[in-house]
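See structure below.
The values are calculated or read from the model by the stated rules, or taken from the named source; none is laboratory data. It should be emphasised that the depicted structure is a prediction, and the values quoted were computed from it without experimental measurement. All Cβ positions, glycine included, derive from the backbone under ideal geometry; neighbour counts span all protein chains shown.
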Amino acid sequence: MLYRAIIAWPELGSLQGMSHSRSTRWWSMRKQYPRSIAVTSLFHRLNLSSRPSFDFQSAFRLVNPPATSWNIGDGLPKERTEWKENVVSSQRKSWDLIKPENMRDSYRLLTSAIVPRPIALVSTISQDGQPNLAPFSYFSMVSHNPPMVSLSFSLSTRRPKDTRNNILATKEFTVSIISEAFAEAANSTSVESPADTDEWIISGLTKEKSTSVRPPFVQESAVGMECELYSFQDICTRGSEEPTTTVVLGLIKHVHVSESVLDEDGMTVDPAKLRAIARLGGVTYARVLEGFDLPRMSWKAIRDQYPQLPRNGRL
């Protein structure tokens, strides 16, 4: 599906709007500003008049695929000359991410290249009963049989990950899907607050009682998943025994979906109704506005043509 960017914070000091194509300027200037700024202060310092208002009337629609006349073996369509000139024919810059000196570039590079990423709004409760709510874009579906999701946590000696610690200690959590309607509220839960802070209060979001786990899910979310810890893996960088990342696999025990976002079949979530947001690079998010269908090819239909297809590449 095609995603379009909706939020790209400007450079705070200059009051100049920042287009998505220039959002890398945020990275070069972000060290000049605090890691977090009060919401009211942030919006007062943005030149919001330089960009259009959020269009709530824009609706998801299905369009034709980019190249309806494409056939097997065609590769890049001939009419995509601009892509060929600007991308295929351009020089490539490479990073050796195994080298320690290049590791500092990996976050900025990978989070802007591996896009769009779904976002999990994760609810946990600590062993002593402290609730926690936080968003994570290192999140994905792992399988449907068994139904399973993954979460990944970057570890820091400066600040422990409350969500990670709670999941490992209690072995349960919930995931709520973030929609456009409460994007700002969900984002507010990413604040770096003391461990005894309740992000539910900061966000103003509402707790919905779960069926089989202690942590609630978000009432404002159209999709809530109750999960139990299936397994976890601490990951270390090469040559080190100190973990830098923890990957968690969660078994989905129950899913709660608002009937208003279901398709006519009652089993499929309609993207036009869910209006989920996704994460891009930096502090940019995206919305789903267009999609196109590409049915999977049948090998039986193309196997006789396969031997005659050209072999491309210069290996």
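A few points about this structure:
- Yes/no for Met267 being assigned to a loop (DSSP other than H, G, I, E, B), of a type in the set (A, V, I, L, M, F, W, C), without any contact (Cβ under 8 Å) to a residue 24 or more places away in the chain and not assigned by TED's automatic domain parsing to the domain that holds Asn166: yes
- The residues of segment 156-179 that are more than 20 Å from Pro116 (Cβ to Cβ), of a type in the set (A, V, I, L, M) and either crowded, with 17+ Cβ neighbours inside 10 Å or outside the structural domain of Ser190 (by TED's automatic domain parsing) (or both) amount to a single one, Ile167.
- When each of Ser143, Ser53 is tested for being more than 21 Å from the chain's Cα centre (by Cα) and free of Cβ contacts under 8 Å to residues at least 60 places away in the same chain, the lone residue that passes is Ser53.
- Top-ranked residue in segment 180-208 [being β-branched (Val, Ile, Thr) and touching a residue at least 24 places away in the same chain (Cβ under 8 Å); ranked as surrounded by the fewest Cβ atoms within 10 Å (Cβ to Cβ)]: Val191
- Screening the candidates Leu205, Leu229, Leu249 for the property of being assigned to a strand (DSSP E or B), more than 30 Å from Arg104 (Cβ to Cβ) and in the same structural domain as Ala186 (by TED's automatic domain parsing) yields one hit, Leu229.
- Selection within segment 127-155 - buried (at least 17 other Cβ atoms within 10 Å of the Cβ) and within 15 Å of Pro194 (Cα to Cα): Pro131, Asn132, Leu133, Ala134
- A residue that is under 30 Å from Glu101 (Cα atoms), under 22 Å from the mean Cα position of the chain (by Cα) and either touching a residue at least 40 places away in the same chain (Cβ under 8 Å) or outside any loop (DSSP other than H, G, I, E, B) (or both) occurs nowhere in segment 216-226.
- The set of residues in segment 284-309 being surrounded by fewer than 15 Cβ atoms within 10 Å (Cβ to Cβ) and in a loop (DSSP other than H, G, I, E, B) consists of Phe292, Asp293, Leu294, Pro295, Arg296, Met297, Ser298, Arg303, Asp304, Gln305, Leu309.
- Meets criteria (touching a residue at least 40 places away in the same chain (Cβ under 8 Å), more than 22 Å from the chain's Cα centre (by Cα) and farther than 14 Å from Ile167 by Cβ) for Thr211: yes
- Verdict on Ile252 being more than 18 Å from Trp70 (Cα to Cα) and either modelled with pLDDT under 95 or among the β-branched types (Val, Ile, Thr) (or both): yes
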